[in-house]
Amino acid sequence: MRVITFRFAVALGLLLPVGGSAAETPGDPAVRSPEGGATEEAEELAPAPTGPAPSYQPVPPPPPPPPPEELRLYGDEGTSELALGFGYSSLSGFLAAGGFRYFVVDGVAPGLEATYVSGGHEGAAYGLVLGALRVVPVRTPSFSLVLTGRGGRVFLGDHADAWGVGGGAGLLFMASPSAGLELGYEVLQLLPSSACVDLATCVLKGPVVGLRFIL
């Protein structure tokens, strides 16, 4: 009787797997380890992620700031000036003037000027056609100091024509980079002196007020 019982126990030990039940099969991917986690075989059988891997493009740097605007001053090389002047007085009558000059270098401009004065109670009518050279020793965004030398023909009413040589100085106040108002004083000596012996004076002088347009 003891022998039979021993053999039955041995047979049961051969039929049942150690540490598991008959419902669990070794090939099942859901078989878990004694600790409760998935076995290495189940992890190998898990489906791999599909689709292209996400790509990361570098963010482009911001564009560089625009260069600062170049400061423009009166008398810059390569600029031109158109001058206009109008006036009236009881002594000189109506006055109209115009001129053009071109700055060949910074602060230096040759040009041409023309003036007509109708004459008043104590003065004769005359006209001027003068070549001019302007120099700008002081230039700022708001104002400039201008020095102008002049020389050319003087057309005198009811009198023989003469030549004139002189100059002037003034301050040009800029209302904008392209327009300004000039206030100054100019003197013009008539030549030769014999041409004006019967005139009230051989020197034409007076204040200057004019508009300047920068092109």
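Observations on the model:
- Label-to-label distance, F173 versus S142, with points set 7 angstrom from Cα along the beta-carbon direction: 1.1 nm.
- Translational diffusion coefficient of the range 105-145 (Stokes-Einstein, Kirkwood radius from Cα pairs, 10 °C, 1.306 mPa s): 124 µm²/s.
- Relative contact order %, the range 63-215, counting alpha carbon pairs below 8 Å whose residues are six or more apart: 19 percent
- Length gained when the stretch V129-L84 is fully extended (0.36 nm per residue, less Cα-Cα span): 14.8 nm
- Amide H partners (placed H, <5 Å) of T79, local residues excluded: F103
Since every read-out is calculated from the coordinates, none of them should be taken as a lab result. Please read these numbers as outputs of a predicted model, since none were measured by experiment. Neighbour counts are summed over all protein chains in view; Cβ atoms, including those assigned to glycine, are modelled from backbone coordinates with ideal geometry.
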